[in-house]
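Notes to accompany the following structure.
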Amino acid sequence: MKSITVHGIGNILDKKISEKSKEFRLSQNETIKKLLENSLSITESQNRRKEFSDLFGQWSIQEKEEFDKRIADLEVIHEADWNQ
């Protein structure tokens, strides 16, 4: 993750950030990130999804059909397994 520094925060803004930190019960850093995410309409799930997007994708129809075919036997209930 990137870090940024904000210079020249005025007294009123500093006080508001402190108040929000106490209200949210978060550090000032976490409070500022939350306020920025809210103001830019970024949800936490969107944020996390982007972080892992290179690891997850969608299957093609052919891949799904192949997977379903390979696990089909797992969908069958074998009565003999339950009658002991």
Along Cα→Cβ, 7 Å out, is where each label goes; now give me the distance between the ones at K34 and F56 in nm to one decimal. 2.4
Gain in span if fully extended, I42 to I17, counting 0.36 nm per residue against the direct Cα distance: 7.1 nm
Per residue of segment 59-70, what does 6.51 cos²θ - 1.76 cosθ + 1.60 with θ = phi - 60° give for ³J(HN,Hα)? Whole Hz please, x for Gly and Pro, Karplus curve as stated. 7, 6, 4, 5, 5, 5, 4, 5, 4, 4, 5, 6
As straight-line cross-link partners of K15, the qualifying lysines (C-alpha separation under 18 Å, not fewer than 8 residues apart within one chain) are K33, K34
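Taken together, the values in this text are just the output of simple stated rules run on the coordinates, not laboratory data. Only a predicted model underlies this, so the values are computations on that prediction, with no experimental measurement involved. Positions of Cβ are backbone-derived with ideal geometry, glycine not excepted, and every protein chain shown enters the neighbour counts.
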